[in-house]
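As structure tokens, the structure follows; a few thoughts come after it.
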Amino acid sequence: MNHFPSDFTSNFWSIFIAGATLLGILGCLALLWISGKTQAMTAADNTTGHVWDGDLREMNNPLPRWWVGLFVITCVFSLAYLYLYPGLGSYGGSLGWTQSGQFEREVSKGNEQMAPIYAAFASKSTEELTKDAQAMAIGDRLFMNNCAQCHGSDARGSTGFPNLTDGHWNWGGTPEQIHETIAKGRTGVMTPMAAAVGGADDVRNLAHHVLSLAKAPHDSVRANLGRDKFVACAACHGADGKGNQALGAPDLTSGVFVHGPVIEAHIVNMINQGKTGVMPAWDAKFTPEQMKVLTAYVWGKGGGVAGATPAAAPAAAAPAAAAGNDAASVAVENGVVKFFFATGKADLASGADTALAEVIAGVKQGKKAIVSGYVDSSGNAAQNEELAKQRAFAVRDQLKALGVAEDSIELKKPENTDAGAGAQARRVEVSLG
């Protein structure tokens, strides 16, 4: 059995190209020499006998010496060039010149010329650099030449490419984290999770739970059914869906999805198909000084967050403690079931079924379940009103899930929906009427 070497590992093509090139040049010289020695048959008047248009005769004059000289010089120059520089197959040329070497020399020369300018930035912090017009002008050129192709000239990104001007950072938005992202690159991988979740209906339920985390319009019944399925996602996104910057897992409660809109179809597709996002590493291209300026430029676009400081670390415990008092809960007072919701959420607290037992018993006796929601007066009024409506719908849907007919449920707006701020303003009451 014959084994032919691969075209890409043998030197056949290198020899073929070099031979064809040299034969072509030598062939031109040979043709010139042959044509100069050949004697054509001519008439007494030095014409070849060819006549066009009745009076246009072809002469047999030799080639001009200046033209012959230039032709020979061209061929000799070609041979000299191919000896000195690459051009004959894999032969690298006697000078050892390469495109990459030339590029590196020019870059090195440019860096030497810029060194005095960057030296002025060495002692400045990231925040100070954002206030330096010259540094930001350099950062803008670096960004436009290398980053704008994906993130846009305004750094606001597009589908699949993050917005660098908001506060949503999958890998962290401190100067140190941004610097690491630029230098080392990032690879974000979401594996297809449909098999771990269950069937198509389970995937839809999980999608609605994610929508509820993002405070987007959703089916609360499906969201409640999909809550337990979220355990498959919690390993990366956390039990509360707030993500994990160490893994690059996004905060699902922010309502900002990089790869598509915050709608069921997109989330279902992400669960079924997964997604891989890659940001290349730039440490091989940028000098440390350029990296520092570019980091400051990106950080200063509006989305960066302050770096961690030892003094600020203890204070971080305070919001965590406060968050503990913000959890959803349910209580029964004088026959009225009161659902208290976490800030910005419409998820029912555990124990809802037990708390509603008396209401369900009353409905079976012919009474109606009256659901009333209250509005938080702090923050955006339109968003708070919509959130209060979603909370009331969540309670209504829970009653329906427990067997209460829809015509036995009345959504009634309280006379005074404004309950101030705090937990009392984030409540929905269920009573019998």
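The values are calculated or read from the model by the stated rules, or taken from the named source; none is laboratory data. What you are looking at is a predicted structure, and each value in this text was computed from that prediction instead of being measured. Virtual Cβ from ideal backbone geometry, glycine too; neighbours counted across all protein chains shown. When the accessible area is computed, the model is the full protein with side chains, heavy atoms only, and any ligands, DNA or RNA have been set aside. Shrake-Rupley method; radii C 1.70, N 1.55, O 1.52, S 1.80 Å.
Worth pointing out:
- For beta carbons closer than 6 Å, sequence separation of 6+ or different chains, a first residue in region 54-77 that is under 17 Å from Thr42 (Cα atoms) and a second that is open to solvent by less than 100 Å² (accessible area, probe 1.4 Å) and in a strand (DSSP E or B), the qualifying pairs are Arg57/Thr47; Arg57/Val51; Glu58/Thr48; Glu58/His50; Met59/Thr47; Asn60/Thr48.
Per-residue answers, yes or no, for (1) over 19 Å from Asn145 (Cα atoms); (2) among the hydroxyl-bearing types (Ser, Thr, Tyr); (3) open to solvent by 30 Å² or more (accessible area, probe 1.4 Å); (4) touching an Asp or Glu at 6+ places or on another chain (Cβ under 8 Å):
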| residue | (1), (2), (3), (4) |
| --- | --- |
| Gly248 | yes, no, no, no |
| Leu252 | yes, no, no, no |
| Phe257 | yes, no, yes, no |
| Gly260 | yes, no, no, no |
| Ala265 | yes, no, yes, no |
| Ala284 | no, no, yes, no |
| Thr295 | no, yes, no, no |
| Lys301 | no, no, yes, no |
| Gly304 | yes, no, no, no |
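- The listed residue being modelled with pLDDT of 90 or more, in a loop (DSSP other than H, G, I, E, B), open to solvent by less than 50 Å² (accessible area, probe 1.4 Å) and out of contact with any Phe, Trp or Tyr (no Cβ under 7 Å at 6 or more places or on another chain), out of Gly69, Gly92: Gly92
- Among the residues making up region 359-374, a single one is under 15 Å from Arg426 (Cβ atoms) and open to solvent by 30 Å² or more (accessible area, probe 1.4 Å): Tyr374.
- For region 153-176, a residue qualifies if it is on the phi > 0 side of the Ramachandran plot and touching a Leu at 6+ places or on another chain (Cβ under 9 Å), and the qualifying residues are Ala155, Gly157.
- Cβ pairs under 8 Å, 6+ apart, first in region 107-118 and open to solvent by less than 60 Å² (accessible area, probe 1.4 Å), second of a type in the set (A, V, I, L, M): Ile117/Ile138; Tyr118/Val293
- Total residues in region 330-351, condition in contact (Cβ under 8 Å) with a residue 60 or more places away in the chain and either assigned to a strand (DSSP E or B) or β-branched (Val, Ile, Thr) (or both): 6
- With respect to (1) in contact with a His (Cβ under 9 Å, 6 or more places away or on another chain); (2) open to solvent by 70 Å² or more (accessible area, probe 1.4 Å); (3) among the hydrophobic types (A, V, I, L, M, F, W, C), the lone exception for Ala195 is condition (1).
- Failed condition for Pro86, given (1) open to solvent by 60 Å² or more (accessible area, probe 1.4 Å); (2) part of a loop (DSSP other than H, G, I, E, B); (3) not hydroxyl-bearing (Ser, Thr, Tyr): (1)
- Every residue from region 222-246 that is open to solvent by less than 40 Å² (accessible area, probe 1.4 Å) and without any contact (Cβ under 8 Å) to a residue 40 or more places away in the chain: Gly226, Phe230, Ala232, Ala234, His237, Gly238, Gly241
- Only one entry of Leu356, Leu411 meets the criterion of being at pLDDT 85 or above and surrounded by 20 or more Cβ atoms within 10 Å (Cβ to Cβ), and that entry is Leu356.
- Residues of region 367-377 that turn out to be without any contact (Cβ under 8 Å) to a residue 60 or more places away in the chain and closer than 16 Å to Leu402 by Cα, as a count: 1
- Arg156 vs. criteria open to solvent by 60 Å² or more (accessible area, probe 1.4 Å), over 13 Å from Glu289 (Cβ atoms), part of a helix (DSSP H, G or I) and out of contact with any strand residue (DSSP E or B) (no Cβ under 6 Å at 6 or more places or on another chain): no
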